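Take a look at the structure set out below.
Nothing in this text is a laboratory measurement; each read-out follows from the coordinates by a stated rule. All values derive from a computational prediction rather than experimental measurement. Here the Cβ is made from the backbone with ideal geometry for all residues, glycine too, and neighbour counts use every protein chain on show.
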Ligand code: ATP
């Protein structure tokens with residue numbers, strides 16, 4: 001039996017290596033596919049950024065023509081302001097950020113930045129001015145320093161560390177035995193969702209773009225992580241035009257405007273205070289979330305007393 005088990009282990013090892021290789025290739029194709037969705041027009045021009053004002057004008061979009069997702073959405077993110085989009089799961093919140101970053105093109109209406117339709121500009125120039133903090137950041141199988149430096153490859157080690165500190169992840173990195181040299185990703189240290197998001201924020205700090213898209217992680221984070229991320233975001237979104245796609249509501253309280261998306265349209269809009277006073281969909285989502293959080297905390301206390 002011994003004689004058999006060694007080759008089997010070996011086969012297992014080889015199998016895992018091949019699987020990993022395939023996963024990397026799949027991820028690469030995913031990226032390529034995203035690139036291939038939208039092509040620059042032959043007459044596309046460079047985006048000229050002034051202050052970075054964003055406008056969605058009567059935007060219609062469907063992944064599948066049989067099922068429209070956005071049915072005429074209009075709102076603006078004034079330069080330097082923060083607008084948060086909330087709404088039920090599947091309402092099309094993340095879709096708005098994908099359209100702005102131009103992973104897809106709108107089917108009717110337009111999205112403009114400083115008055116320029118994003119369909120008429122070169123994607124490279126568009127993406128150069130947008131910092132995207134996605135729900136789930138893909139990390140490279142490399143050091144954590146490399147993964148942060150990706151935001152601006154010319155950054156020095158001191159700049160990387162300053163960015164990590166702003167993103168509230170510096171302390172965590174320093175606590176690792178190998179510090180900034182620690183390997184992360186599939187074959188290294190597995191970071192939690194909240195840690196990955198802070199690495200993405202650190203990248204964005206290095207990139208320092210005039211426009212920021214934050215697609216909040218859907219998964220529940222513990223209160224401390226959530227606060228750390230909130231602090232990081234408050235700093236990076238200062239004086240930047242920011243679109244927050246909020247899957248939880250705690251991050252939207254200070255937004256200049258909140259857009260409540262439902263059934264392909266805007267159900268409500270206003271500040272947190274205005275929407276609470278209105279006592280509509282947002283207020284009921286807010287109350288439900290608060291009750292859930294309170295129930296969780298009570299449960300935790302009960303467990304601690306056991
Ligand atoms: P959540 O809060 O759950 O993340 P969301 O409001 O961000 O939801 P979107 O990710 O924008 O929702 O998706 C809107 C709808 O479009 C969903 O019903 C989703 O299943 C569908 N959808 C998203 N991406 C694709 C895609 N690539 N192809 C087809 N349908 C898609």
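In what sequence, highest mean first, do 171-179, 205-213 appear when ranked by Cβ atoms within 10 angstrom?
Numbers: 171-179: 12.9, 205-213: 20.7.
The packing order, highest mean first, is 205-213, 171-179.
Share of Cα-Cα pairs in the chain beyond 36 Å, in percent? Don't skip to the end; give the middle numbers.
Working: 11591 of 46665 pairs.
The proportion of pairs with Cα distances above 36 Å equals 25 percent.
Structural descriptor for the chain: relative contact order 22 percent, calculated from alpha carbon pairs under 8 angstrom and at least 6 residues apart. Take the Cα of residue 51, go 7 Å toward its beta carbon, and the backbone nitrogen atoms of the range 107-140 under 13 Å from that spot belong to 114-115. A Förster distance of 45 Å, applied to the separation of the beta-carbon atoms of residue 239 and residue 190, puts the FRET efficiency at 0.85.
With the simple model of a label 7 Å out from the Cα in the direction of the Cβ, residue 174 to residue 154 spans 2.8 nm. With contacts taken as Cα pairs under 8 Å and at least 6 residues apart, the range 59-109 reaches a relative contact order of 42 percent. Approximating the spin labels as points 7 Å out from Cα along Cα→Cβ, the residue 63-to-residue 306 distance works out to 3.8 nm.
Rounded to the nearest 10 degrees, the inclination of helix 193-207 to the longest alpha-carbon principal axis of the chain is 70 degrees.
Which residues does a label at residue 262 reach in the range 53-86, if reach means a backbone N under 14 Å from a point 7 Å past the Cα toward the Cβ? Residues 86 fall inside that zone. Angle of helix 2-37 to the longest C-alpha principal axis of the chain, folded into 0 to 90 degrees and rounded to 10: 20°. Counted residue by residue at 0.36 nm each, then reduced by the alpha carbon distance between them, the extension gain from residue 105 to residue 297 reaches 64.8 nm.
Using DSSP, restrict attention to beta bridges with both residues in the chain and report what percent are antiparallel, rounded to the nearest 5. Of those bridges, close to 50 percent are antiparallel. Counting only DSSP beta bridges with both residues in the range 45-189, the antiparallel share comes to about 90 percent.
Calculate, in nm to one decimal, what residue 41 and residue 117 gain on full extension: separation in residues at 0.36 nm each, minus their alpha carbon distance.
Numbers: separation 76, 0.36 × 76 = 27.36 nm, distance 1.21 nm.
That pair, residue 41 and residue 117, stretches by 26.1 nm at full extension.
In degrees, nearest 10, range 0 to 90: what is the angle between the Cα axis of helix 223-237 and the longest Cα principal axis of the chain? The two axes meet at around 60 degrees.
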